[in-house]
Amino acid sequence: MGLLQDKIALVTGASRGIGQEIAREFARQGAAVAFTYNSSEAPALALEAELQQLGVQAKAYKSNAAFFDQAEALVKDIITDFGGLHILVNNAGITKDNLLMRMSEEDFDKVIQVNLKSVFNMTKAVQRTFLKQRSGSMIHMSSVVGVKGNAGQANYAASKAGIIGFSKSVALELGSRNIRSNVIAPGFIETEMTDKLNPDVVQSWRDGIPLKRGGSPLDVAQSCVFLASDLSAYITGQVLNVDGGMLT
Ligand code: NAP
């Protein structure tokens with residue numbers, strides 16, 4: 001029996017990258033999986049079919065996490081379609097990197113809206129359901145950059161650090177109702193995007209990591225399974241660094 005048997009999960013931004021692997025791993029662990037995408041419809045529908053083949057209920061929803069009303073409507077639709085919700089993974093995120101000197105107001109606002117405001121929107125949208133059932137697990141995707149900062153990513157780092165403060169506050173507010181809120185802070189995760197980078201640069205990043213390799217989307221997804229499942233029933237308000245020891 002899977003670790004997430006009989007659970008219903010929502011993963012935002014699962015058409016690509018880390019979110020896609022979280023959706024897959026949740027389905028392999030027996031969860032019913034609702035997931036969102038912003039514009040990548042074809043990969044989202046392909047993933048929906050793939051998850052259904054694993055024998056679980058699965059559905060892709062086009063929903064922009066940055067908008068409060070869309071988050072509310074999404075969760076309403078999921079409750080109707082799936083009959084409940086137990087796990088929320090706030091994974092959707094973007095970057096718009098630049099040195100502060102060249103960063104536009106628009107690029108600052110956009111990253112905060114998609115990465116941080118979305119976490120508020122989605123958490124508000126699931127809150128009532130989680131409160132009523134007196135249980136629920138929320139996982140918010142931050143980054144080592146949110147813990148440590150990074151030159152050229154002031155907007156992204158601010159959004160990812162904001163997620164940590166938000167999650168810890170929610171953990172304090174909702175702990176008495178058995179609702180847990182935790183953060184995952186991935187380090188250097190190798191995806192299609194990093195495949196396009198200069199191999200020597202990528203190798204130098206790997207060499208600087210204590211475990212001597214980049215992480216995989218599966219490394220992050222398996223940490224999400226732990227935080228979503230009852231294996232972590234007594235863990236809330238934490239930040240789990242999934243970074244091969246990078247911040248040690
Ligand atoms: P990715 O490959 O760029 O995928 C991002 C996903 O988010 C896509 O499914 C995208 O949907 C979705 N998305 C973007 N904007 C959205 C919006 N407004 N509403 C709903 N969905 C939206 O990113 P990734 O590398 O897998 O990263 C996933 C998360 O991990 C992000 O929060 C990122 O900051 C964090 N992270 C990544 C790394 C890394 O090394 N990759 C390291 C630390 C943290 P569409 O395909 O439709 O655009």
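Scanning region 98-126 for residues that are of a type outside the set (D, E, K, R) and without any contact (Cβ under 8 Å) to a residue 40 or more places away in the chain yields M101, S104. Residue count for region 177-198, restricted to those that are of a type in the set (G, A, S) and away from the ligand (no atom under 11 Å from the Cβ): 1. Within region 229-244, restricting attention to residues that are within 12 Å of the ligand (Cβ to nearest atom) and not polar (S, T, N, Q), the residue that is nearest to the chain's Cα centre (by Cα) is V242.
Taken together, E48, E41 contain a single residue that is at pLDDT 95 or above, within 8 Å of the ligand (Cβ to nearest atom), open to solvent by 20 Å² or more (accessible area, probe 1.4 Å) and more than 23 Å from G215 (Cβ to Cβ), which is E41.
Restricting attention to region 168-196 and to residues that are among the charged types (D, E, K, R) and outside any helix (DSSP H, G or I), the residue that is surrounded by the most Cβ atoms within 10 Å (Cβ to Cβ) turns out to be R180.
Among the residues of region 229-240, those that are of a type outside the set (D, E) and surrounded by fewer than 21 Cβ atoms within 10 Å (Cβ to Cβ) comprise S229, L231, S232, A233, Y234, I235, G237, Q238, V239, L240. Residues that are touching a residue at least 24 places away in the same chain (Cβ under 8 Å), open to solvent by less than 50 Å² (accessible area, probe 1.4 Å), among the β-branched types (V, I, T) and within 16 Å of the ligand (Cβ to nearest atom): does region 90-97 have at least one? Among the residues of region 90-97, not one is touching a residue at least 24 places away in the same chain (Cβ under 8 Å), open to solvent by less than 50 Å² (accessible area, probe 1.4 Å), among the β-branched types (V, I, T) and within 16 Å of the ligand (Cβ to nearest atom), which makes the answer no. Picking from residues in region 16-31 that are open to solvent by 10 Å² or more (accessible area, probe 1.4 Å) and either farther than 18 Å from Q57 by Cβ or of a type outside the set (S, T, N, Q) (or both), the one that is nearest to the chain's Cα centre (by Cα) is I18.
For region 197-241, the set of residues classified as over 18 Å from E21 (Cβ atoms), assigned to a loop (DSSP other than H, G, I, E, B) and among the small types (G, A, S) consists of G208, A233, G237, listed by residue number. Scanning region 136-167 for residues that are crowded, with 17+ Cβ neighbours inside 10 Å, more than 12 Å from the ligand (Cβ to nearest atom) and over 16 Å from the mean Cα position of the chain (by Cα), which turns out farthest from L218 (Cα to Cα)? Checking each candidate, the answer is A154.
If we keep just the residues of region 79-89 that are part of a helix (DSSP H, G or I) and touching a Lys or Arg at 6+ places or on another chain (Cβ under 8 Å), which is least open to solvent (accessible area, probe 1.4 Å)?
Initially, region 79-89 is screened for residues part of a helix (DSSP H, G or I), giving 79-82.
Those still in the list that are touching a Lys or Arg at 6+ places or on another chain (Cβ under 8 Å) too: 81-82.
Working: D81: 63, F82: 23 Å².
Checked region 79-89; the qualifying residue least open to solvent (accessible area, probe 1.4 Å) is F82.
Residue pairs whose Cβ atoms lie under 6 Å apart, separated by 6 or more positions or on different chains, with the first residue in region 138-152 and among the hydrophobic types (A, V, I, L, M, F, W, C) and the second assigned to a loop (DSSP other than H, G, I, E, B), are M141/N91; V144/G187; V144/D243; V144/M246; V144/L247. Which of the residues that make up region 1-25 are over 18 Å from V75 (Cα atoms), in contact with a helix residue (DSSP H, G or I) (Cβ under 9 Å, 6 or more places away or on another chain) and without any contact (Cβ under 8 Å) to a residue 40 or more places away in the chain? Scanning region 1-25 gives a single hit, G2. Counting just the residues of region 199-228 that are of a type outside the set (D, E), open to solvent by 80 Å² or more (accessible area, probe 1.4 Å) and without any contact (Cβ under 8 Å) to a residue 24 or more places away in the chain, which one comes out nearest to the ligand (Cβ to nearest atom)? Top of the filtered list is W205. Restricting attention to region 51-78, the residues that are in contact with a Lys or Arg (Cβ under 8 Å, 6 or more places away or on another chain), in a loop (DSSP other than H, G, I, E, B) and closer than 21 Å to V170 by Cα total 1.
The values are calculated or read from the model by the stated rules, or taken from the named source; none is laboratory data. Given the structure is predicted, the values throughout are model-derived calculations rather than measurements. No Cβ is skipped: glycine too gets one built from the backbone with ideal geometry, and neighbour counts run over all protein chains shown. The accessibility values were calculated without ligands, DNA or RNA, using every heavy atom of the protein model including side chains. Shrake-Rupley method; radii C 1.70, N 1.55, O 1.52, S 1.80 Å.
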